[in-house]
Every structure is written in structure tokens, then in C-alpha cells.
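To start, the structure under review is shown below, and the notes come after it.
The values are calculated or read from the model by the stated rules, or taken from the named source; none is laboratory data. Treat the numbers as computed from the prediction; the structure is a model and nothing was measured. When we count neighbours, we look across all protein chains shown, and the Cβ atoms used for this are built from the backbone with ideal geometry, even at glycine. The protein model used for the area step is the full one, side chains on, heavy atoms only, and it has no ligands, DNA or RNA in it. Shrake-Rupley method; radii C 1.70, N 1.55, O 1.52, S 1.80 Å.
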Amino acid sequence: MERFEKTLQLDNSVILPVFGQFDANIKQVERACGVQIVNRGDDVKIVGAERGVRKAWNVVSSLAALAAKGEEITEQNLNYFLASAEEADLKELEKVYDDLICVTANGRHLKPKTLGQKKYVDLMKNNTVVFGIGPAGTGKTYLAMAMAITAFKNNEVSRIILTRPAIAGIMGAFGAALAARDLRLEHSSLLDAGALEGFAHTAKPVTCNLCTNHCSLTVNSFDGGRR
């Protein structure tokens, strides 16, 4: 394998956050890119196969740019930069952190952290209604609430209305089965056609009295007595 190396200069103020405690960040970059990274003063030398070196150089450069802006280098954004290095323009990823939505009560700056979140925030800024669909934990509700509160504080809206589906019983995997039955789909990876025809359930709102919170619940009952 032909040896390839590339060097970049980092300001002393960003070397520690980029390398991380006990060099944890830079070791992760080395493992992910299959390279060796050596720091001598302001110079950071990256050695290995050309493709890995270029990927590592781009990632370290972007991490340095974030650190220079005062952004914290976390395991989350490090992994995101590594995963995106060969598919996205890391310069565009750096710009994601320039979009400040608001400052929380404890002084934390709330910003989008991925290109998808940045696009979501931009859509909310420029459209009256935006539908956010995706896996749990990707920031859909959190960012929407941050945008709503910011609009309220800036007197762009006079009130915030929180809503949720009135029938929670149509959510989840059994909701997909209901939809499949109603759409008369012939094939399902969950239930066969006969099971879909016989699929039934009821949803009943109840109040939990196990503690003083008295939470409102929706109990879903299925055929066969399953709940």
C-alpha cells in the first residue's frame, strides 16, 4: 500500500478540544479512517492510504472549525462528521452550527445538529405548516417547540396550541395493520390476508390511579383478550 501523508496546522486553542480527553477523539478518527495522526506543536500530520488520509483531514479540519467557534466536540457530532465525510460537504455541515434558534434558561445555545435538522428548521422558518416524519429521538418535537417558543418571544405569534392525535389507538404497529386492512393490501410482513380480515381492536381512555399523578392512558384491547 502506497504511503500518503497530509499536514494541517491547528491553533493551540483548538488542539485540546479536537483531540479530546486522553486523545479520545483523534483515536476514533484514526480507527474510522485507518490512519495514523501525529501532533507536533501546531502541525498535525496524517499518514496512511490516500482515501483514509483525505477523509481524516476533512474531519479534523471541520472539528477545528467548530472548536474555533466555541462549539463543543461531542461523541455525537464526531460520529456524524465521520459518517458524513464521504457523502456530504463537511463545509456545509459546519454551517449547521451557525443557525442559533434560541438560548435556553440555563444559557445553552439551541441549534440544529445535522443537515436534516437544519433543513427542518429552515422549512419551519419559511412555511406556515410543516410535517415532520421520522424515527423517535431525531429532534422533531424538540426543534418544533424551540421554534414555537422563539416565535412567541419575538411576538410573531400570540399563542401556542399543543395538539396530539385524539385516537392514540391508531398509532404503532397495530395501526399499520389497521391501515393495511382498510387499504385492502394483499400482502403484509406482519399479518397474512386472513389475519388482517379478522384483526380487531378497541381503544379505551382510562385514568391511572396507581399514584397521585393520575395519568391519562389509552388501553388497546386486541382479539383474543390481549391488551
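The table below lists the values:
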read-out: Selection within the stretch 7-58 - among the aliphatic types (A, V, I, L, M), in a loop (DSSP other than H, G, I, E, B) and surrounded by 17 or more Cβ atoms within 10 Å (Cβ to Cβ); value: Leu10
read-out: Residue match in the stretch 210-226 (condition: modelled with pLDDT of 75 or more and either within 30 Å of Asn127 (Cβ to Cβ) or aromatic (Phe, Trp, Tyr) (or both)); value: yes
read-out: Residue in the stretch 109-133 that is least open to solvent (accessible area, probe 1.4 Å), counting only those that are farther than 19 Å from Asn154 by Cβ, without any contact (Cβ under 8 Å) to a residue 12 or more places away in the chain and of a type outside the set (A, V, I, L, M); value: Lys119
read-out: Residue selected from the stretch 84-108 under the condition open to solvent by 80 Å² or more (accessible area, probe 1.4 Å) and touching a helix residue (DSSP H, G or I) at 6+ places or on another chain (Cβ under 9 Å), by the criterion farthest from Arg54 (Cα to Cα); value: Lys95
read-out: Conditions (1) loosely packed, with under 11 Cβ neighbours inside 10 Å; (2) of a type in the set (Gly, Ala, Ser); (3) modelled with pLDDT under 70: number failed by Ala168; value: (1)
read-out: Lone unmet requirement of (1) open to solvent by 100 Å² or more (accessible area, probe 1.4 Å); (2) at positive phi; (3) at pLDDT below 70 for Leu190; value: (2)
